[in-house]
1. Answer yes or no as to whether Ala275 is small (Gly, Ala, Ser) and at pLDDT 85 or above.
2. Listed residues Leu164, Leu184; which is within 30 Å of Val33 (Cβ to Cβ), open to solvent by 60 Å² or more (accessible area, probe 1.4 Å) and either modelled with pLDDT under 85 or assigned to a helix (DSSP H, G or I) (or both)?
3. What about Pro246, is it at pLDDT below 85 and either closer than 23 Å to Met330 by Cβ or in a loop (DSSP other than H, G, I, E, B) (or both)?
4. Does Trp284 satisfy being within 21 Å of the chain's Cα centre (by Cα), at pLDDT below 80 and either under 23 Å from Gly38 (Cβ atoms) or aromatic (Phe, Trp, Tyr) (or both)?
5. Only residues that are crowded, with 18+ Cβ neighbours inside 10 Å and either under 15 Å from Val217 (Cα atoms) or within 8 Å of the chain's Cα centre (by Cα) (or both): list them for the stretch 240-254, please.
6. Could you check the stretch 256-279 and list, in sequence order, the residues that are open to solvent by 20 Å² or more (accessible area, probe 1.4 Å) and in contact with a Ser or Thr (Cβ under 8 Å, 6 or more places away or on another chain)?
7. Among the residues of the stretch 212-243 satisfying the criterion of being within 15 Å of Thr306 (Cα to Cα), assigned to a loop (DSSP other than H, G, I, E, B) and out of contact with any Gly (no Cβ under 7 Å at 6 or more places or on another chain), which is modelled with the lowest pLDDT?
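The values are calculated or read from the model by the stated rules, or taken from the named source; none is laboratory data. Bear in mind the structure is a predicted one, so any value in this text is a computation, not a measurement. Every residue, glycine as well, gets a Cβ built from its backbone with ideal geometry; the counts of neighbours run over all protein chains shown. Only protein heavy atoms, including side chains, enter the accessible area calculation; ligands, DNA and RNA are left aside. Shrake-Rupley method; radii C 1.70, N 1.55, O 1.52, S 1.80 Å.
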Amino acid sequence: MESYLFPFDSLICMLLGISFTVGFTLLLVFIIVPAIFGVSFGIRRLYMKSLIKLFEWATLRMEQGAKEKNQHLYKPYSNGIIAKEPVSLEQEIHEMRRGGAEPEFDMSDIFYFCRRGVESIVDDEVTKRFTAEELESWNLLTRSNYNFHHISTRLTALWGVGVLIRYGFLLPLRVTLAFTGVGLLVVLTSVVGLFPNGRMKNYLSDKVHLMCYRICVRSLTAIITYHDSENKPKNGGICVANHTSPIDVIILASDGCYAMVGQVHGGLMGVIQRAMVKACPHIWFERSEVKDRHLVINLHFEIGSTVYPVAIKYDPRFGDAFWNSSKFGMVNYLLHMMSSWAIVCSVWYLPPMNRMEGEDAVQFANRVKAAIARKGGLADLLWDGGLKRGKVKEVFKEEQQKLYSKVLVGSSEDRSRS
C-alpha cells in the first residue's frame, strides 16, 4: 500500500512546488519589481474601465427591470430629514416674536432654541457626514445600494459570480500582498535602522518605504491619479491633507517620502510604527497628549514652514474607503476594503501656502482647509471629525451665544437711535 501511494504523494508535492514557484514568480514580476521601480503595466486601469462598463450594464438592467415591474429603484434624494431654508438667527427670532415689540429678552426666544435643539437631534448634521451615501448606480456590492430588489435571475447570478471573484480570488491575493508589504516594511526598516545616520541611510529608507507602500497600494487594487505633480511637497515643508481613511498615508507615501506625525497605536500598527521610526524620524504621540484641536493646529502651523496642501478624494463606485471607527473595528474595515472591487482615488497637489502678515495659526489653518475642500470638491465644515465622539466644544456654544447677544444688543441700539 505504501509503495502504491508514494508516486501519488510525489505528484502532489511536485504540483504544489510548481504552483508555489509560479505564484512567487508572478508576484515578483508583476508586483514587487514594478513597486521597486515605480512602474505600472496598466492592468489595474484596464480592470477599472472593464468594471465601469459592467456597472453601467448592471444599472441599465436594473432600471429596465424596475420599469417593467413598476418599482421605484431609488429613493428621492434629500440632504436631510427636515426641510429647512437657510435663515439667520435674527430673522427666525423676529418671526417667532411675530413682528411685535422687541425687548431685550422675550420668553418666546426659549422656544426657538428648544426647536433648534430638537431639529439637531432628529436631523443630526454631524452623524450624516459619517454615513455612506446612496449610489445612483449599483456596483454589484450589496452594501452599496440598499434599495436593490430582485430584478432578474441573470443579474443575481452576475452578483453571485462577483462574490466568488472578490472573496475567492481577490481577497486571498490582497491579503498575501498586504502581508508581503507589511512584512517587508517591518524587516527592512529595522535593518536600515542599524545604519549610521547619513545620506546612505536616508537613501535606503526612502527606497524601502516607497517599495513597501506601493506593494500595500497594490494589495488594495488602488488606482490613484495624481494631479499637478509640480506642486509636490518638498523637503523642509509640511504636507497637510484631508483625512478620510487610514490608507491616506499609503496613498500619499506611494508617490513620495514623508516623515509622518500621527497617533501611537498598539497591536500590529504599533509594531509597524516602532519599526518605521528606526529608519525615518517619524513623530508618534499619545491622543491624551493632544486634547485640544488648537494644539494640533499650533503644532502644524506655528513653526513658520511652508505648507503644501493636498486634496484626496475617493470614488465610491468601486469601494467605500471611509472608516467610521466608532462603528467598525480595524479588522472589519480592512475586510470591507479588501473585498471591494478596488479603491479608486484622485490626489491633487495644491500650490504651497504661507501665513500672511497678521494671520494667526487658526486663521491660516482654516484658509488651508478651505483650499483643500475647494480643490477636492469637498464640504468645508467648521467642525472636525472628532466631534462625533466628543462633547460639543465651548467654542461652538459661545458662537451661538454671540449671535443671540448681537440680536439683543442690536435691538437696544435701534431703540436708542429711534
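1. So Ala275 passes the test.
2. That would be Leu164, the only listed residue that is within 30 Å of Val33 (Cβ to Cβ), open to solvent by 60 Å² or more (accessible area, probe 1.4 Å) and either modelled with pLDDT under 85 or assigned to a helix (DSSP H, G or I) (or both).
3. Here the answer is yes, as Pro246 does meet what is asked.
4. On the way: within 21 Å of the chain's Cα centre (by Cα): yes; at pLDDT below 80: no; either under 23 Å from Gly38 (Cβ atoms) or aromatic (Phe, Trp, Tyr) (or both): yes.
No: the conditions fail for Trp284.
5. Result: Thr244, Ser245, Ile247, Asp248, Ile250, Ile251, Leu252, Ala253, Ser254.
6. Cys257, Lys278
7. Gly236
Rundown of residues vs (1) modelled with pLDDT of 90 or more; (2) surrounded by fewer than 16 Cβ atoms within 10 Å (Cβ to Cβ), yes/no style:
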position: Ser305; (1), (2): no, yes
position: Tyr308; (1), (2): yes, no
position: Ile312; (1), (2): yes, no
position: Gly319; (1), (2): no, no
position: Lys327; (1), (2): no, yes
position: Met330; (1), (2): no, yes
position: Trp348; (1), (2): yes, no
position: Pro351; (1), (2): yes, yes
